[in-house]
Amino acid sequence: MKKYVPILARTQLFRGVEACQVEAMLHCLDARLCTYQKGEYILRQGDTLDDIVIMVEGSAHIQKDDYWGSRSILGHLEAGDMFGEAYAAPESGPLLNDVVATDNCAAIFFDVRRVITTCSSACVFHALVVQNMFFAICEKNKALVQKLGHMSQRSTKEKLLSYLSEEAKRQGSAAFEIPFNRQQLADFLSVDRSAMSNELCKLRDAGIIRFARNRFELL
């Protein structure tokens, strides 16, 4: 677990905490390292969660399958990203979504009660971690509002342009990569893959975008 301390020190949860202090806090926060193979479920819908989880290697999708197997991708996770904080409140209920590894990956679980409660040894930086967790929840809410903005567009074309425009702004460049293949992008935007691919070709032919696999450029 020690090799992941530099990654943890750069996460939103431990922002402002020195790497040596992060390592000292691992026992305090009851940190547990778990590894997963590509395609393996990290968490399943219906599970109960008493932890905050930080990805430290690989990537994963937050997704939901309905009774008939139709899939919606709600979010993408990479090393340094945190999830599970939405269930930090007592009696928050079971998980509403699955978290599935899209690569071989590793994640560290932190006991949420240890995170939000100052320990008996009174770690100097513990209060900062609690503050950071609050800010992280605010950022997640902002991301959900952005996704709702994409979803509220009426057509597949408008959803695509809304998402691609937001990614260009987020990454600070007209040329950027997205973390989805075509099917995953369709699942993320809740549109038909064939219709989406057709709209992408129309946008390319109109000189609005250029793309190759998961790399896009806004023209």
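Data table
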{"quantity": "Options 55, 25; residue that is over 27 Å from residue 151 (Cβ atoms) and either more than 16 Å from the chain's Cα centre (by Cα) or surrounded by 14 or more Cβ atoms within 10 Å (Cβ to Cβ) (or both)", "calculated": "25"}
{"quantity": "Region 141-167, subset more than 18 Å from the chain's Cα centre (by Cα) and among the aliphatic types (A, V, I, L, M), residue surrounded by the most Cβ atoms within 10 Å (Cβ to Cβ)", "calculated": "160"}
{"quantity": "Considering residues of region 190-219 that are touching a strand residue (DSSP E or B) at 6+ places or on another chain (Cβ under 9 Å) and hydrophobic (A, V, I, L, M, F, W, C) only, the residue surrounded by the fewest Cβ atoms within 10 Å (Cβ to Cβ)", "calculated": "219"}
{"quantity": "Condition check for residue 190: on the phi > 0 side of the Ramachandran plot, within 23 Å of the chain's Cα centre (by Cα) and at pLDDT below 90", "calculated": "yes"}
{"quantity": "1 or more residues touching a helix residue (DSSP H, G or I) at 6+ places or on another chain (Cβ under 8 Å), among the aromatic types (Phe, Trp, Tyr) and touching a residue at least 40 places away in the same chain (Cβ under 8 Å): qualifying helices (runs of 4 or more DSSP H) within region 110-219", "calculated": "182-189"}
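The values are calculated or read from the model by the stated rules, or taken from the named source; none is laboratory data. Because the structure is a prediction, the values reported are computed rather than measured. A quick note on method: Cβ atoms are made from the backbone with ideal geometry, for glycine too, and the neighbour counts reach across all protein chains shown.
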